[in-house]
Amino acid sequence: MLTILRTQLRQTIRVPWAFLAMIAMSIVMALVFGVQATSSLSVQVVAEPGMSQQEADAWLGRLNASGSFDFKLIEDAEPVLRRIESNSSGVLLRVGHDSWHLYVAPGDESAPALSGWVSSVYREELTLRAAANGAALDELRANVGARLEQPALSVTSTQVESAEEFAYDSRTQGMFGMGLFFVTFTLLFGVNMILEERRMGIWDRVIVSPIGKASMFGGHFLYTFLTGMAQLLIVFTVFRLAFGVGTGPNWPVALLVAVAYCAAITALGMLLAGLVNNAQQMNVVIPIVAVSMAMIGGAYWPIEIVSNRIMLALSQALPMRHAMDAFKGLAYHSWGFGEVAVHVGYMAAFALVCTVVGIWLVDRRPS
């Protein structure tokens, strides 16, 4: 077994580009998913002729009170208008003393929300101006703001579910989701080397050597498992050191969850290798299985927002769902081993069953 493991490791060290590419893709996609979830829409703003710079900056400050939009003042509107006309994309807001105009491409989904926000800002400001009626507008604005901070009536709402039941952070979701998603590809394609070696005749030549079948399977399983663990740990380490996103204080438990997940997916690869006829079919099946498992298991989006009972029931059968639940519990709520034991136990049982059935199917299949 160690001989097979050393051979596979030498090949990876000699040609490490595929392994490094999967690590890079995990980090890049996790960042993309996290940034997309938190970024605001950039809106170009141009002032109408005759408006002073001070007044334009004042409107810009009021508009930027929203966290969903990022308003930026520009001097020339023509390039933005040409882009909207030619590419059917882009947003331009023209602000005036007491009116505004919004230019967007037809069918732009952000237009209703943007229009509603700008309208509310103008309506509030113009109402204050009318109420001031020549008096000190800044003083009136300060008085209104002070009264709003101490309302005459306050409403407190409670709900049965604890707020901790659905914690969410886009970067944490992206790190766990994309990390597990791409390590799934690495593990499944790693197991596919068994079928490729059998096709090339390497398997038969090794079998007649002193190395037995158990060593062959064990060496491939251990090598694939270690590459997946290395990839996952590198991704988590990069996010921890570079972006401050971690797995929580109980890192030994997080390591145990990672071990259980990598073992479960490696075992799933063994099972798929026994169900398909050759390596080419396996190459087709792997993306389908990996993407489907990521979608149903909560890697692309939080599983908490899914309401379909059938999809939720299917997700409980997938190691991806249990790994995501365990990792998020560790990161958001500082879970210990007791809380993740069920998830780790399921992934361990999943790995055991898939390994036994998969090895039996692969071994009985003719070369």
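The values are calculated or read from the model by the stated rules, or taken from the named source; none is laboratory data. Just so we're clear, the structure is a prediction, and the values are computed from it rather than from any experiment. Every residue, glycine among them, receives a Cβ derived from its backbone with ideal geometry; neighbour counts consider all protein chains shown.
Condition check for residue 321 on (1) of a type in the set (D, E, K, R); (2) in contact with a Lys or Arg (Cβ under 7 Å, 6 or more places away or on another chain); (3) modelled with pLDDT of 90 or more: one failure, at (2). Of note, residue 245 does not satisfy the criterion of being among the β-branched types (Val, Ile, Thr) and either free of Cβ contacts under 8 Å to residues at least 40 places away in the same chain or in a helix (DSSP H, G or I) (or both). Hey, any hits in the stretch 336-344 for a residue that's at pLDDT below 90, within 19 Å of the chain's Cα centre (by Cα) and of a type in the set (A, V, I, L, M, F, W, C)? No, the stretch 336-344 has no match at all.
Residue under question is residue 265, and the condition is that it be surrounded by 15 or more Cβ atoms within 10 Å (Cβ to Cβ) and touching a Gly at 6+ places or on another chain (Cβ under 8 Å); does it hold? Yes; evaluated as a whole, the condition is true for this residue. For the stretch 43-145, the helices (runs of 4 or more DSSP H) that sit wholly inside it and include 3 or more residues that are in contact with a Phe, Trp or Tyr (Cβ under 8 Å, 6 or more places away or on another chain) and modelled with pLDDT of 80 or more are 111-132. The residues on offer are 286, 303, 265, and the sole one that is aliphatic (A, V, I, L, M) and over 21 Å from residue 353 (Cα atoms) is 303. For residue 187, the criteria (1) part of a helix (DSSP H, G or I); (2) in contact with a Ser or Thr (Cβ under 6 Å, 6 or more places away or on another chain); (3) modelled with pLDDT under 85 hold in every case but one, which is (3). Reported count of residues in the stretch 334-347, each being in contact with a helix residue (DSSP H, G or I) (Cβ under 7 Å, 6 or more places away or on another chain) and closer than 14 Å to residue 255 by Cα, is 7. Which one of 292, 315 is at negative phi, of a type in the set (Gly, Ala, Ser) and buried (at least 19 other Cβ atoms within 10 Å of the Cβ)? None of the other options fit; the residue is 315.
In the set 178, 193, only one residue is assigned by TED's automatic domain parsing to the domain that holds residue 294 and either at pLDDT 80 or above or outside any helix (DSSP H, G or I) (or both); that residue is 178.
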